[in-house]
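Visitor: So that we are looking at the same thing, I have put the structure below in C-alpha cells.
The values are calculated or read from the model by the stated rules, or taken from the named source; none is laboratory data. None of the values given here were measured: they were computed from a predicted structure. So basically every Cβ, Gly included, is an ideal-geometry build from the backbone, and we count neighbours across all protein chains shown.
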Amino acid sequence: MRSGHREIRRLKRANHVPSIHGNKVWNSSFLIMDQLTRQKVPSDWHMMDIGCGWGPLGIFAAKRFGCRVTAVDADEDVFPYLQLHAQVNKVQVETLQARFEKLTQARLADVDLITGADICFWDELTPVLYNLIRRALRSGVKQVIIADPGRSPFYELAERCQAHMNARVVERRSKTPKAISADLLIIDN
C-alpha cells in the first residue's frame, strides 16, 4: 500500500508517524527480494530484516519461503504499517524495536539470514553496521545481505567487509515494480 491508501492515512491520523526514515517502501528491498528468490531461502531459516521500515522485505520472505521473520527497527512507529501489510498478506512477522548497536550476539544466535535495504545512509552507520555484521557472523548467522542505491557510506562498509570477511558486491537491476538499480553487499559465513 502506498502512502495515499486509506488505511495508511488512517494510521497517520492515529499519530503513527515514523521519524527515522521508515516512512515508505524503499526500492532496494525489491532487489534483495530478487536475490532471495534466486537463492531460495530454506523454510526452516530465521531471517532478521534490520531497519525494516514498513516491512515489505520480511513480509515477502515470510510469504514466499515460509521462513520465520523478525523485523527490527529503532522506530516503533513503523510497526503498525508493517502489521497492516502483514495482515493484508496473511503472514506473521515478529517485531523488535532495537537499534543496530543493541542487537547482541545472544539475540542473533538463532538467526540464519540478516537483510537490510537502504540502511547505510549516514557515515556514522558504517562502523555500527560493520560491528553488527561481525557480531552476527560470530553468532553463527549464515548470510548477510545489505542493499543500497550507491551511497558512499555503503561502499565504505562494503570495502571493510571485503577486506576482512567473505564478502562480495553484486550489482542488481530490475524493471519491476519500476526501474531500480542498487548494489548488494553479500557476506557468507
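Visitor: Would you confirm whether any residue within segment 144-159 is touching a residue at least 40 places away in the same chain (Cβ under 8 Å), within 15 Å of N27 (Cα to Cα) and of a type in the set (K, R)?
Guide: No - not one qualifying residue is present in segment 144-159.
Visitor: Quick check, is D77 modelled with pLDDT of 95 or more and more than 13 Å from the chain's Cα centre (by Cα)? Quick ask: steps written out before the conclusion?
Guide: Working: modelled with pLDDT of 95 or more: no; more than 13 Å from the chain's Cα centre (by Cα): yes.
Criteria not met by D77.
Visitor: Could you list, ordered by first residue, the pairs with Cβ atoms under 6 Å in which the first is in segment 42-64 and within 22 Å of V128 (Cα to Cα) and the second is of a type in the set (S, T, N, Q) and crowded, with 24+ Cβ neighbours inside 10 Å, at least 6 apart or interchain?
Guide: D49/T115; L57/S29; L57/T115
Visitor: Enumerate the strands (runs of 3 or more DSSP E) found wholly within segment 83-184, keeping only those where 3 or more residues are surrounded by fewer than 19 Cβ atoms within 10 Å (Cβ to Cβ) and within 15 Å of the chain's Cα centre (by Cα).
Guide: Output list reads 94-97.
Visitor: Hey, among the residues in segment 80-99 that are β-branched (V, I, T) and at pLDDT 95 or above, which one's farthest from N15 (Cα to Cα)?
Guide: V91
Visitor: Where residues in segment 24-77 are in a helix (DSSP H, G or I), in contact with a strand residue (DSSP E or B) (Cβ under 8 Å, 6 or more places away or on another chain) and polar (S, T, N, Q), which of them is surrounded by the fewest Cβ atoms within 10 Å (Cβ to Cβ)?
Guide: Here the answer is Q35.
Residues are listed down the side, and each one gets a yes or a no for (1) modelled with pLDDT of 95 or more; (2) over 30 Å from R10 (Cβ atoms):
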| site | (1), (2) |
| --- | --- |
| G66 | yes, no |
| E101 | yes, yes |
| G116 | yes, no |
| G150 | no, yes |
